[in-house]
Amino acid sequence: MPLLLALLCGLTFLVGAAPDLAGEEEWNKCNGPKKPLILDHDGNYDDILVLLALLKSQHVDLQAVLITPADCELDPAVEVTGRVLAMLNRTVPVVPGQFPERYNPFPKVWRELASEMQQVADIYLQESEIHRPSEAAHEWLESYLGNASEKTDFLLTGPATNLNWALRQRPHLASKVGRVFWMAGAVEVDGNVRDSDEPGKVQWSDGSAEWNAYWDPLATRELLELNLDLWLVPLDATNAVPVHKDFIQRLNPRHQVPRVAQQIWAQSKFQKSNAIYYMWDTLTAGLYLKPSLATWRSMHLEGHTEGRRQGRIARAHRGAARGTVRVASETDVPAFTEFLLSIFNEAKPGEL
Ligand code: AGV
Ligand code: CA
């Protein structure tokens, strides 16, 4: 990309230009025609919605879907992922990840949502053959990056375990990693690990961490230290986008993708007051596709790994050499909403 264009693009996104159509065109120019992307999700409702949105986007060349066994039961999450890919005639590898040595398990009732989605998929989507490599996600990633001729972007909508694991094994592969968008953390707001659907089962935590960062606190700390081109979307940004009924009602049930999206969102327990469902991951995907929808702040961050604040992502002490990332702060919510709806509702030629 010519230097001037690169500079212009960088400037536009850092100040958060008006997210209008011109902004989008600008982004697409910066982004090139089709970008290789790996989605690493953890099988909850909005993770699957992200997959649907990416498959409909014209600007993404999805290389693989990695699945972290965090906020899901693994097999149903793999199955639902496979069916969604088959619905859009895609045969990308679906690669399950392994558990790290130490992790903080997600509440069982949330992990079971993957089976609930599988039941819906059973009714609405065809059974499909899944291209499931035999290696674990981090091993698969090592060989993928080793063979890659250009950089690949990453969208992480669960914990950062797989990418961090691969790069710890083979640090030189970081040069093959493009932009990394990660839904994680709560920098200047409260965390959500004490939200619960299981009364009486409160996490041993001071409440300052966000779940994706808390599941594998070591990976969180290490990823922040890798000096990647990291774009973090924490609760500070996602708190502005709780799921609303009027949004769900605007999805067009006459087309297959928005219909499936509507079913998943309607099923999400978005109206519960003890554990409100937000558009955490879909906002992150939206910002990946169009960063100008938010303003970004450059921050020096570190992850805590021990005690009751483990999983917390906080500002790093002065002078720390590593850990500068871009952090989403203010999102233009109406513009994001329209953008997401346009992705889902836009009919593709030949789509049912
Ligand atoms: O912390 C947000 C992350 C997102 O990646 N996940 C859900 C999204 O996929 C964990 C989570 C927090 N609160 C939840 C979660 C809830 N009420 N139900 C299910 N998962
Ligand atoms: Ca998730």
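The values are calculated or read from the model by the stated rules, or taken from the named source; none is laboratory data. Bear in mind the structure is a predicted one, so any value in this text is a computation, not a measurement. Positions of Cβ are generated from backbone atoms using ideal geometry, with glycine treated the same way; all protein chains shown enter the neighbour counts. SASA here: full protein model, heavy atoms, side chains in, ligands and nucleic acids out. Shrake-Rupley method; radii C 1.70, N 1.55, O 1.52, S 1.80 Å.
So, D40, is that one within 20 Å of N345 (Cα to Cα), modelled with pLDDT of 95 or more, buried (at least 24 other Cβ atoms within 10 Å of the Cβ) and within 16 Å of ligand 1 (Cβ to nearest atom) or not? It is false that D40 is within 20 Å of N345 (Cα to Cα), modelled with pLDDT of 95 or more, buried (at least 24 other Cβ atoms within 10 Å of the Cβ) and within 16 Å of ligand 1 (Cβ to nearest atom).
Residues that are more than 10 Å from ligand 2 (Cβ to nearest atom), more than 20 Å from Q256 (Cα to Cα) and not hydrophobic (A, V, I, L, M, F, W, C) within segment 60-87 comprise D61, Q63, P69, E73, D75, P76, listed in sequence order. The combined condition, being modelled with pLDDT under 95, within 16 Å of ligand 1 (Cβ to nearest atom) and of a type outside the set (D, E, K, R), is not fulfilled by A321.
Entry remark, segment 103-137: residues being touching a strand residue (DSSP E or B) at 6+ places or on another chain (Cβ under 9 Å) and open to solvent by 40 Å² or more (accessible area, probe 1.4 Å) number 4 in total.
Against the conditions (1) over 15 Å from the mean Cα position of the chain (by Cα); (2) under 24 Å from H300 (Cβ atoms), A261 satisfies every one except (2). Residue pairs whose Cβ atoms lie under 9 Å apart, sitting 6 or more positions apart in sequence or on different chains, and linking a residue in segment 264-275 that is farther than 17 Å from D47 by Cβ and more than 9 Å from ligand 1 (Cβ to nearest atom) to a partner that is open to solvent by 80 Å² or more (accessible area, probe 1.4 Å) and at pLDDT 75 or above, are Q271/K245.
Okay, residues lined up against (1) touching a strand residue (DSSP E or B) at 6+ places or on another chain (Cβ under 7 Å); (2) within 19 Å of A77 (Cβ to Cβ):
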{"site": "E142", "(1), (2)": "no, no"}
{"site": "A148", "(1), (2)": "no, no"}
{"site": "G158", "(1), (2)": "yes, yes"}
{"site": "L173", "(1), (2)": "no, no"}
{"site": "K176", "(1), (2)": "yes, no"}
{"site": "V187", "(1), (2)": "yes, no"}
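Taking segment 47-71 as the range and being of a type outside the set (V, I, T) and either in a strand (DSSP E or B) or at positive phi (or both) as the test, the residues that pass are D61, L62, Q63, A64, L66.
One residue alone among D75, D61, D71 is among the acidic types (D, E) and touching a strand residue (DSSP E or B) at 6+ places or on another chain (Cβ under 6 Å), and that residue is D61.
Here's the yes/no breakdown for (1) within 20 Å of the chain's Cα centre (by Cα); (2) of a type outside the set (S, T, Y); (3) open to solvent by less than 20 Å² (accessible area, probe 1.4 Å):
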position	(1), (2), (3)
N252	no, yes, no
A285	yes, yes, yes
L289	yes, yes, yes
R297	yes, yes, no
T305	no, no, yes
R312	yes, yes, no
A328	yes, yes, yes
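State yes or no: is I276 at pLDDT 95 or above and not hydroxyl-bearing (S, T, Y)? The answer is no for I276.
Being under 16 Å from G191 (Cα atoms), β-branched (V, I, T), open to solvent by 20 Å² or more (accessible area, probe 1.4 Å) and within 16 Å of ligand 2 (Cβ to nearest atom) is a condition met by at least one residue of segment 260-276.
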